[in-house]
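The values are calculated or read from the model by the stated rules, or taken from the named source; none is laboratory data. The shown structure was predicted, so the numbers you read here are calculated from the model rather than taken from an experiment. Please note: Cβ atoms are built from the backbone with ideal geometry, for glycine as well, and neighbour counts cover all protein chains shown.
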Amino acid sequence: MSSIILLISYNNIRYTHNHALNNGSIVTHAHPFDRTGDSSPVKQHDHNRLEMVLISSLSLLVMLTLLVIAAGNIASVATVFTPSRTIISGIAPHTTGRSPPLI
């Protein structure tokens with residue numbers, strides 16, 4: 001699993017680039033491509049509409065999956081370090097924050 005995360009991270013670091021669509025919107029995604037001689041911030045290699053949707057969907061799926069994995073790891077660590085309430089002699093600790101009534 002960690003090797004997949006490393007490969008995805010490498011791909012995103014090395015190959016993230018932008019494309020300007022005909023309607024003026026900018027699409028950012030990552031996939032391996034030949035970077036030689038293409039220093040423009042908006043890349044000139046072409047994708048058809050299906051490729052753009054597929055690459056964007058896969059990128060979103062990967063990022064959401066990594067987010068869910070990270071959230072699960074954080075939750076499991078938080079569970080380990082959460083102190084548990086103990087019951088002594090069958091009486092639960094007083095937790096309402098209210099003092100006893102005056103007589």
Look at the stretch 12-67 and say how many of its residues are within 27 Å of S2 (Cα to Cα) and surrounded by fewer than 10 Cβ atoms within 10 Å (Cβ to Cβ).
-> 3
Given (1) in contact (Cβ under 8 Å) with a residue 60 or more places away in the chain; (2) in contact with an Asp or Glu (Cβ under 9 Å, 6 or more places away or on another chain), number of the condition I5 does not satisfy = (2)
Residue by residue through the stretch 7-24, note down the ones that are within 16 Å of I55 (Cα to Cα) and either of a type in the set (G, A, S) or outside any helix (DSSP H, G or I) (or both).
-> S9, T16, H17, N18, H19, A20, L21
Residue pairs qualifying under the 7 Å Cβ cut-off, at least six apart or on distinct chains, with the first in the stretch 23-49 being farther than 25 Å from L61 by Cα and the second being modelled with pLDDT of 75 or more and aromatic (F, W, Y), are none
Kindly establish whether M52 is modelled with pLDDT of 75 or more, of a type in the set (A, V, I, L, M) and closer than 16 Å to H17 by Cα.
-> yes
